[in-house]
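Visitor: Input: one structure, supplied below.
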Amino acid sequence: MPLFEYECIPCRKNVEDSLKEIRKKTTKKLVSELVKKYDNINHIGVLDLDNEKVLGEAGKRDKNAVDLNFYLNDGSILVFVNLPKNYRFSALIYVEEDEKTVACPFCKTKKVEKVVSSFAFTSDLSTDMPKPDLGNLPPSVRNRTFLGEYIEEKDRPKKNR
Ligand SMILES: [Zn+2]
């Protein structure tokens with residue numbers, strides 16, 4: 001099995017730290033600060049699914065990049081994070097020596113760790129990273145979020161300004 005999965009520790013930490021802040025309290029200001037602060041994050045969107053509200057959104061979503069989605073607060077908050085490169089990546093390892101050259105495709109660091117098995121990650125927030133399935137979102141949310149097209153400032157719900 002020469003193909004192994006790795007995660008870049010610093011890139012992953014940026015995402016984890018962002019989620020930590022978002023979990024505490026989401027404000028529009030916070031979200032835009034996070035996007036500015038972390039260069040491996042293109043865009044963050046936070047949706048309150050219970051109240052069908054956009055809590056915060058910042059950055060520019062690159063549709064060719066990687067979308068990760070995370071559920072917080074027992075699934076009532078959905079966070080979309082758009083990354084130029086996923087912090088999880090695979091590398092071909094033929095001989096042990098190859099491991100020393102494994103580097104993050106985004107930040108090039110060698111501070112990476114091997115993902116041992118996909119099972120180990122099922123309890124982890126970072127496990128689930130399919131493209132977001134928007135079919136489950138209430139239409140009222142879906143229609144006025146970044147998930148469709150980029151929303152002009154003037155078209156956003158007042159509360160988020
Ligand atoms: Zn990295």
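Visitor: Name the single residue that is farthest from the ligand (Cβ to nearest atom) among those in region 105-127 being open to solvent by 40 Å² or more (accessible area, probe 1.4 Å), at pLDDT 55 or above and touching a strand residue (DSSP E or B) at 6+ places or on another chain (Cβ under 8 Å).
Guide: LYS114
Visitor: Name every residue in region 42-57 that is closer than 21 Å to PHE106 by Cβ and open to solvent by 10 Å² or more (accessible area, probe 1.4 Å), in order of residue number.
Guide: Passing the criteria: only ASN42.
Visitor: Being modelled with pLDDT of 55 or more, within 16 Å of LEU55 (Cβ to Cβ), more than 16 Å from the ligand (Cβ to nearest atom) and open to solvent by 60 Å² or more (accessible area, probe 1.4 Å): is that true of TYR94 here?
Guide: no
Visitor: Taking LYS63, is it among the charged types (D, E, K, R) and under 17 Å from the mean Cα position of the chain (by Cα)?
Guide: yes
Visitor: In region 51-68, what residues are more than 18 Å from LYS28 (Cα to Cα) and in contact (Cβ under 8 Å) with a residue 24 or more places away in the chain?
Guide: Selection gives VAL66, ASP67, LEU68.
Visitor: Do you know which of the residues in region 13-41 that are more than 17 Å from PHE106 (Cβ to Cβ) and part of a loop (DSSP other than H, G, I, E, B) is least open to solvent (accessible area, probe 1.4 Å)?
Guide: Result: THR26.
The values are calculated or read from the model by the stated rules, or taken from the named source; none is laboratory data. Remember, predicted model here, so these are calculated numbers, not experimental data. Methodologically, a virtual Cβ is constructed for each residue, glycine included, from the backbone with ideal geometry; neighbour enumeration extends over all protein chains shown. Heads up: the accessible areas ignore ligands, DNA and RNA and are worked out on the full protein's heavy atoms, side chains in. Shrake-Rupley method; radii C 1.70, N 1.55, O 1.52, S 1.80 Å.
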